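Scroll down for the structure; my scribbles are underneath it.
The values are calculated or read from the model by the stated rules, or taken from the named source; none is laboratory data. The model shown is predicted, which means the values in this text are computed figures rather than measured ones. We place every Cβ from the backbone using ideal geometry, glycine too, and count neighbours over all the protein chains shown. Heavy atoms of the whole protein, side chains included, go into the accessibility calculation; ligands, DNA and RNA do not. Shrake-Rupley method; radii C 1.70, N 1.55, O 1.52, S 1.80 Å.
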Amino acid sequence: SDKPDQNGWVNTSIVSNELSLSQQDIQQIVNGDDKGRFDLSDDNLRIRALYGHSIKIDLELKSTAPPFVLYHGTAEKYLQSIMKDGILPRKRSYVHLSESKDIANQVAARHGNPIVLSVDAKSMFENGCKFYKAQKNVWLAECVPSEYIMSRMYDGDFVNK
(Lines give C-alpha, C1' and ligand atoms only; values in the text may rest on other atoms or scores of the structure.)
Protein backbone atom coordinates (compact mmCIF):
# COMPACT_ATOMS: atom_id res chain seq x y z
CA SER A 1 0.00 0.00 0.00
CA ASP A 2 1.19 3.54 -0.66
CA LYS A 3 -0.53 4.81 2.53
CA PRO A 4 1.45 4.97 5.80
CA ASP A 5 0.74 2.10 8.23
CA GLN A 6 -0.62 2.83 11.74
CA ASN A 7 2.93 3.66 12.91
CA GLY A 8 3.58 6.04 10.01
CA TRP A 9 5.89 3.79 7.98
CA VAL A 10 5.85 3.79 4.18
CA ASN A 11 8.10 1.76 1.83
CA THR A 12 11.11 3.76 0.66
CA SER A 13 10.53 2.34 -2.85
CA ILE A 14 7.26 4.34 -3.00
CA VAL A 15 9.04 7.53 -1.92
CA SER A 16 11.88 6.98 -4.39
CA ASN A 17 9.43 6.34 -7.27
CA GLU A 18 7.14 9.28 -6.41
CA LEU A 19 9.99 11.77 -5.97
CA SER A 20 12.53 10.25 -8.41
CA LEU A 21 15.07 9.76 -5.63
CA SER A 22 17.63 6.99 -5.26
CA GLN A 23 17.93 5.02 -2.01
CA GLN A 24 21.18 6.96 -1.46
CA ASP A 25 19.35 10.30 -1.93
CA ILE A 26 16.78 9.28 0.70
CA GLN A 27 19.53 8.30 3.13
CA GLN A 28 21.31 11.64 2.58
CA ILE A 29 18.07 13.56 3.22
CA VAL A 30 17.42 11.65 6.47
CA ASN A 31 21.01 11.96 7.72
CA GLY A 32 21.40 15.58 6.62
CA ASP A 33 18.19 16.86 8.20
CA ASP A 34 19.31 18.85 11.26
CA LYS A 35 15.79 18.85 12.69
CA GLY A 36 15.64 15.04 12.68
CA ARG A 37 12.22 14.91 11.00
CA PHE A 38 12.61 11.45 9.48
CA ASP A 39 13.26 7.91 10.63
CA LEU A 40 14.58 5.08 8.46
CA SER A 41 13.97 1.47 9.49
CA ASP A 42 17.08 -0.57 10.35
CA ASP A 43 16.92 -2.34 6.97
CA ASN A 44 16.40 1.03 5.13
CA LEU A 45 13.25 -0.36 3.46
CA ARG A 46 10.79 1.92 5.28
CA ILE A 47 10.72 5.62 6.15
CA ARG A 48 8.46 7.78 8.31
CA ALA A 49 8.11 11.34 9.57
CA LEU A 50 8.67 11.65 13.31
CA TYR A 51 6.45 14.67 13.84
CA GLY A 52 4.15 17.14 12.11
CA HIS A 53 1.51 14.59 11.12
CA SER A 54 -1.94 15.71 10.09
CA ILE A 55 -3.19 12.10 10.17
CA LYS A 56 -3.49 9.94 13.29
CA ILE A 57 -0.23 8.01 13.72
CA ASP A 58 1.00 5.93 16.65
CA LEU A 59 4.73 6.65 16.70
CA GLU A 60 5.05 4.26 19.67
CA LEU A 61 6.79 7.04 21.58
CA LYS A 62 7.51 6.53 25.26
CA SER A 63 6.55 9.35 27.61
CA THR A 64 9.66 10.77 29.25
CA ALA A 65 10.63 13.60 31.62
CA PRO A 66 11.30 16.82 29.69
CA PRO A 67 13.87 19.53 30.49
CA PHE A 68 12.57 22.02 33.09
CA VAL A 69 11.87 24.65 30.41
CA LEU A 70 10.85 24.22 26.78
CA TYR A 71 10.10 26.86 24.16
CA HIS A 72 7.33 27.35 21.62
CA GLY A 73 7.58 29.67 18.65
CA THR A 74 4.43 31.42 17.50
CA ALA A 75 3.31 34.65 15.88
CA GLU A 76 2.04 37.71 17.70
CA LYS A 77 -1.36 37.34 16.01
CA TYR A 78 -1.94 34.03 17.90
CA LEU A 79 -0.86 35.32 21.30
CA GLN A 80 -4.25 36.41 22.61
CA SER A 81 -5.89 33.04 21.92
CA ILE A 82 -2.86 31.16 23.36
CA MET A 83 -2.99 33.17 26.59
CA LYS A 84 -6.69 32.32 26.85
CA ASP A 85 -6.85 28.69 25.64
CA GLY A 86 -3.23 27.51 25.91
CA ILE A 87 -1.14 26.11 23.08
CA LEU A 88 -3.27 23.65 21.07
CA PRO A 89 -2.12 21.27 18.34
CA ARG A 90 -4.67 22.63 15.81
CA LYS A 91 -4.37 20.42 12.70
CA ARG A 92 -1.48 18.40 14.09
CA SER A 93 -1.49 15.55 16.58
CA TYR A 94 0.80 17.32 19.08
CA VAL A 95 2.11 20.71 20.11
CA HIS A 96 5.77 21.07 19.12
CA LEU A 97 8.18 22.40 21.72
CA SER A 98 11.91 22.99 21.48
CA GLU A 99 14.85 22.83 23.85
CA SER A 100 16.32 25.79 21.97
CA LYS A 101 15.12 29.42 22.01
CA ASP A 102 16.78 29.97 18.62
CA ILE A 103 14.94 27.11 16.91
CA ALA A 104 11.64 28.23 18.45
CA ASN A 105 12.35 31.72 17.11
CA GLN A 106 13.06 30.36 13.59
CA VAL A 107 9.72 28.50 13.69
CA ALA A 108 7.94 31.65 14.90
CA ALA A 109 9.43 33.79 12.14
CA ARG A 110 7.68 31.65 9.51
CA HIS A 111 4.27 32.66 10.87
CA GLY A 112 4.54 36.43 11.18
CA ASN A 113 5.87 38.72 13.90
CA PRO A 114 7.82 36.15 15.98
CA ILE A 115 7.25 35.46 19.66
CA VAL A 116 8.89 32.71 21.70
CA LEU A 117 7.02 31.42 24.74
CA SER A 118 8.82 29.71 27.60
CA VAL A 119 6.91 26.76 29.03
CA ASP A 120 7.20 25.36 32.57
CA ALA A 121 7.59 21.77 31.35
CA LYS A 122 8.77 20.58 34.77
CA SER A 123 5.48 21.56 36.48
CA MET A 124 3.40 20.26 33.58
CA PHE A 125 5.14 16.89 33.82
CA GLU A 126 4.84 16.79 37.63
CA ASN A 127 1.10 17.46 37.21
CA GLY A 128 0.66 14.45 34.92
CA CYS A 129 1.09 15.89 31.42
CA LYS A 130 2.93 13.52 29.10
CA PHE A 131 5.91 14.58 27.00
CA TYR A 132 7.48 12.70 24.13
CA LYS A 133 10.92 13.35 22.71
CA ALA A 134 10.49 13.15 18.93
CA GLN A 135 14.05 13.80 17.83
CA LYS A 136 17.09 15.93 18.66
CA ASN A 137 15.58 18.92 20.48
CA VAL A 138 11.93 18.50 19.44
CA TRP A 139 9.44 17.60 22.18
CA LEU A 140 5.76 16.82 21.75
CA ALA A 141 2.86 17.39 24.14
CA GLU A 142 -0.88 17.04 23.59
CA CYS A 143 -1.41 20.66 24.64
CA VAL A 144 0.09 23.34 26.89
CA PRO A 145 -2.48 24.89 29.26
CA SER A 146 -1.94 28.67 29.49
CA GLU A 147 -1.03 28.54 33.21
CA TYR A 148 2.25 26.81 32.25
CA ILE A 149 3.36 29.62 29.94
CA MET A 150 5.94 31.49 32.01
CA SER A 151 7.09 34.30 29.78
CA ARG A 152 7.34 35.47 26.22
CA MET A 153 10.27 36.76 24.23
CA TYR A 154 10.18 39.66 21.81
CA ASP A 155 13.37 40.50 19.93
CA GLY A 156 15.57 38.45 22.23
CA ASP A 157 14.19 39.70 25.59
CA PHE A 158 11.88 37.68 27.83
CA VAL A 159 9.06 39.44 29.65
CA ASN A 160 6.92 37.70 32.23
CA LYS A 161 3.38 37.19 31.06
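Report the FRET efficiency, 1/(1 + (r/R0)^6), for Gln23 and Arg110, where r is their Cβ-Cβ distance and R0 is 41 Å, rounded to 0.05. Efficiency, rounded to the nearest 0.05: 0.85. Karplus-based coupling profile of the stretch 2-9, in residue order and whole Hz: 8, 8, x, 6, 5, 9, x, 7, with θ = phi - 60° in 6.51 cos²θ - 1.76 cosθ + 1.60 and x standing for Gly or Pro.
Taking the Cα centre of the chain as origin and assigning +1 to Lys and Arg Cβ atoms and -1 to Asp and Glu Cβ atoms, the resulting dipole is close to 440 debye. Along the stretch 118-134 the Karplus relation, 6.51 cos²θ - 1.76 cosθ + 1.60 evaluated at θ = phi - 60°, assigns HN-Hα couplings of 9, 10, 7, 5, 4, 5, 4, 5, 4, 8, x, 6, 8, 10, 10, 8, 7 Hz to successive residues, with x for each Gly and Pro. Only lysine pairs 8 or more places apart or on separate chains count here, and in the chain those with Cα atoms under 16 Å apart total 13.
Using the Cβ-Cβ distance between Ser146 and Lys3 with R0 set to 35 Å, the FRET efficiency from 1/(1 + (r/R0)^6) comes to roughly 0.45.
Near Arg46, the amide H atoms lying under 5 Å from its own belong to Thr12, Ser41; only residues 5 or more places off or on other chains count, and H is placed 1.01 Å from N.
Per residue, the chain exposes 59 Å² of accessible surface when a 1.4 Å probe is rolled over the protein heavy atoms with every protein chain present. The share of accessible area on the chain that comes from carbon and sulfur is 47 percent, using a 1.4 angstrom probe. Each peptide in 117-124, 96-103 gets a packing score, the mean of other Cβ atoms within 10 Å over its residues, and the list from highest to lowest is 117-124, 96-103.
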